[in-house]
Amino acid sequence: MRVLLDEQLPRDLARELVGHDVSTVQAEGWAGVNNGELLRRAEAYGFDVLLTADQSLPFQQNLARARLAVIILRAPTTKLEDLLPLAPRILSALRGIRPGQLQYVS
């Protein structure tokens, strides 16, 4: 699965997503792009999932119409040490998520 890490997430989180093709918003050159445009670009470039910590995303965008899935992480901070314990649950979510779905991982 092609996974895009949103810009507020640490790049090192990608190492934990074994078996998936992971890129970052920064690596794609999309830093600072608003959420609507980010979703459009991610879809156009063939990403299957946007992994983010942006809790407001589902209120700003109609994700049901999206051709990619969104996983929103809930942790005390977006520091790697707070996100690492979520890695097994992220991997589990990636196995079952489908386009247009939204899933929270905490």
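The values are calculated or read from the model by the stated rules, or taken from the named source; none is laboratory data. Computed from a predicted structure; not experimentally measured. Positions of Cβ are backbone-derived with ideal geometry, glycine not excepted, and every protein chain shown enters the neighbour counts.
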Check your understanding: Looking at the stretch 23-52, which of its residues are surrounded by fewer than 17 Cβ atoms within 10 Å (Cβ to Cβ) and among the aliphatic types (A, V, I, L, M)?
Key -> Ala27, Ala31, Val33, Ala44
Check your understanding: What residue, of Leu73, Leu80, Leu91, Leu13, is under 10 Å from the mean Cα position of the chain (by Cα) and modelled with pLDDT of 95 or more?
Key -> Leu73
Revision key, fill the gap. Condition set under 10 Å from the mean Cα position of the chain (by Cα) and not hydrophobic (A, V, I, L, M, F, W, C), scope the stretch 24-53, selection farthest from Ile71 (Cα to Cα): answer is Thr24
Revision key, fill the gap. Going through the stretch 69-79 in order, the residues found to be free of Cβ contacts under 8 Å to residues at least 60 places away in the same chain and crowded, with 19+ Cβ neighbours inside 10 Å are Ala69, Val70, Ile71, Ile72
Review point. When you look at Arg15, is it of a type in the set (D, E, K, R), under 20 Å from Pro88 (Cα atoms) and surrounded by fewer than 21 Cβ atoms within 10 Å (Cβ to Cβ), yes or no?
Key: yes
Practice item. Select from the stretch 1-34 the residues that are assigned to a loop (DSSP other than H, G, I, E, B) and of a type in the set (A, V, I, L, M, F, W, C) and write down the one among them that is nearest to Phe47 (Cα to Cα). Key: Met1
